[in-house]
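Let me begin by presenting the structure, written as structure tokens, before commenting on it.
The values are calculated or read from the model by the stated rules, or taken from the named source; none is laboratory data. Just so it is clear, the model here is predicted, and its values are computed rather than measured. Every residue, glycine as well, gets a Cβ built from its backbone with ideal geometry; the counts of neighbours run over all protein chains shown. Only protein heavy atoms, including side chains, enter the accessible area calculation; ligands, DNA and RNA are left aside. Shrake-Rupley method; radii C 1.70, N 1.55, O 1.52, S 1.80 Å.
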Protein chains: 2
Amino acid sequence: MPIETVSENKSHGGTQGVYRHRSRETGTDMTFSVFVPEHDAGARLPVLWYLSGLTCTHANVTEKGEYRAACAEQGIVFIAPDTSPRGDEVPDDEGYDFGKGAGFYVDATQEPWSKHYRMRSYIESELPDIVGAHFPVDMARQGITGHSMGGHGALTIGLRNPERFRSVSAFSPIVSPLACPWGEKALGGYIGQDRAAWREYDAVALIEDGAKVPDLLVDQGTCDGFLEEQLKTHLLREACERAGQSATIRMQEGYDHSYYFISTFMAGHVAWHAKALKV
Amino acid sequence: MPIETVSENKSHGGTQGVYRHRSRETGTDMTFSVFVPEHDAGARLPVLWYLSGLTCTHANVTEKGEYRAACAEQGIVFIAPDTSPRGDEVPDDEGYDFGKGAGFYVDATQEPWSKHYRMRSYIESELPDIVGAHFPVDMARQGITGHSMGGHGALTIGLRNPERFRSVSAFSPIVSPLACPWGEKALGGYIGQDRAAWREYDAVALIEDGAKVPDLLVDQGTCDGFLEEQLKTHLLREACERAGQSATIRMQEGYDHSYYFISTFMAGHVAWHAKALKV
């Protein structure tokens, strides 16, 4: 599993790196970023995964996320993968909400998507092995978060893998692909029209079907233009209440869907994960 | 002096705005960003100016600078102007280091640059009036900083206007355009070949010629690829020592010229300015 170093910059006492590797799951080159705080020789640090939203690559949060000061303070490694396979050989869609930049963290079953669009297995299986092999991490202590489509990814991957993730949070997540146009387009395209098969990719459905994690933290801006039609935070709140799933879901007055919002609450999320990861 | 709102986003409790106006000095539309922290009604906050480097617009530091948390904590308004006039009517150069994106904070005297390239007067005179008229600021409490070409701008504008700026700092500044290729190309082009006329645009020369401010703070990465040929931090240190100018000039081990460096030390600079601005 060789990886290639695209760039490394010293920042906040640690190293912000960008790396590339040939992915067995997607059949393409994949790029991801890793921030490793300053640490004692031989130390192995807990890991926080951040899954990005529609149209994003690893670069958006790496440049705008304002996580490095908090991760340096807490001693946490921060991993930002890409959101889809890339390359000329990868099929795409005209919309910004399907195809490249919009992998939705699923393993596609439908043609022509199933060959390359395997972001679930990439995040759940392949990339953790690579991270574990190449960075000073303690893979027994992992947390996961993400934004929008990546919030959906963090919630669903976290809920499906409670043995792997000690802590799960999200910024303005898509909470139910079954109940919004983004989700219907993406899952219909990647997985097909059998909606029962979507439930493992739907945080609300997973909670309804019995998935459970120790706690959830979600921040959502009240001035987010996607809130009403796509994100529907209330569905998550209601599902958690019905299922007895502990959750802190905060509606943040006046905030929108941008990195100006995410960066405001990033340090708080890092600290929240640190409480679970550093015990 | 009307200004147009390009965007406003809530961030870190305050408002990150981007604004556009027709400039009397440059004869073009100019764009700048302003972060206004949350504040009591009627309050007027101190101001920190940030001048950007070669190829940048207001957007680079606005997205990558990580200043908002610190400015929100300190109650300081942060202003990021553009680095040159823009538009089809503005003459340009093929290089990244002259023309658009490279105004060097001078008033050009040479054709064809003198009509639009008036960034000195824009920063020293026009934009402060606009900021004072449109934002909740106390213009009796201003500080200035900047990066690279903008560090040169901050140092020279700060040294020439000690009555206006209570505090002056810089990140990896060009300290002497008289003594580096970037400076020779820019000042030769904008001001002409009479090098005596460059001295008011050269921090080292200004200090040699008697300019004085209460203190200076400079951070410079030791792994900055421009250090040896262009930035030459030691010339500033030597000039300050000879002139008895108080200065803290820190060589930061392992850091480069990027925003990964700037963002690391931004909160420290904001806190340093706050000490002078909040008394």
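Quick look at the numbers
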| item | result |
| --- | --- |
| Sparse-neighbourhood loop sites, GluC sites (Glu not before Pro) in the range B:177-279 - DSSP loop, at most 11 other Cβ within 10 angstrom | B:253 |
| Potential extension, residue B:111-residue B:43 segment - 0.36 nm per residue separation minus Cα distance | 20.0 nm |
| Protein-only accessible surface order, largest first, of A:109, B:31, B:156 at 1.4 Å | A:109, B:31, B:156 |
| Positive minus negative residues near residue B:244 (Lys, Arg vs Asp, Glu; Cβ under 15 Å) | -2 |
| Flagged links, alpha-carbon separation over 22 Å, of B:212/B:232; A:232/A:278; A:64/A:278; A:212/A:232; B:100/B:185 | A:232/A:278; A:64/A:278 |
| Length-normalised contact order of chain B in % [C-alpha pairs under 8 Å, at least 6 apart] | 17 |
| Gyration tensor verdict on the range B:197-249 (Cα atoms; rounded if a/c is under 1.5, prolate if a/b is larger than b/c, oblate otherwise) | oblate |
| Evaluated at q = 0.08, 0.09, 0.10, 0.12 Å⁻¹: base-10 log I(q)/I(0), Debye formula over Cα of chain B | -0.29, -0.37, -0.46, -0.67 |
| Area buried, chain B against chain A - accessible surface, total, 1.4 angstrom probe, square angstrom | 1900 |
| Residues of the range A:58-93 buried by at least 40 Å² on assembly (accessible area, 1.4 Å probe, chain alone as reference) | A:63, A:64, A:66 |
| For residue B:133, inter-copy label distances in nm, listed shortest first [label point 7 Å out on the Cα-Cβ vector] | 6.3 |
| Percent antiparallel among DSSP beta bridges (both partners in the range A:4-278, rounded to 5) | 50 |
| Residues with amide H under 5 Å from that of residue B:51, placed H, sequence gap 5 or more | B:145, B:146, B:147 |
| Residue-normalised accessible area of the range B:67-142, given per residue in Å² at a 1.4 Å probe | 35 |
| Most mobile of B:153, B:53, B:13 in a GNM of chain B (Cα contacts under 10 Å) | B:13 |
| Axial C-alpha extent at least 24 Å, average Kyte-Doolittle at least -1.0 - helices from chain B (DSSP) | B:259-277 |
| Most to least accessible of A:155, B:178 (protein chains only, probe 1.4 Å) | B:178, A:155 |
| Copies compared at residue A:89 - label distances in nm, ascending, label defined 7 Å from Cα in the Cβ direction | 5.2 |
| Inter-copy spacing of residue A:200 label points, which lie 7 Å from Cα along Cα→Cβ, given in nm from shortest upward | 7.3 |
| 5 angstrom amide H check on residue B:252, placed H, neighbours 5+ away | B:220, B:221, B:222 |
| Label-point separation, residue B:139 to residue B:271 (7 Å along Cα→Cβ), nm | 3.2 |
| Cα gyration tensor category, rounded, prolate or oblate, for the protein assembly as shown with a/c compared to 1.5 | prolate |
| Accessible surface of chain A [probe 1.4 Å, protein heavy atoms]: carbon and sulfur percent | 48 |
| Heavy-atom accessible area, 1.4 Å probe, ligands and nucleic acids excluded: residues of the range A:235-279 down by at least 50 Å² from chain alone | A:255, A:260 |
| Antiparallel bridges, percent of DSSP beta bridges restricted to the protein assembly as shown (to nearest 5) | 50 |
| Span from the the range B:107-128 Cα centroid across to the the range B:1-67 one, whole angstrom | 20 |
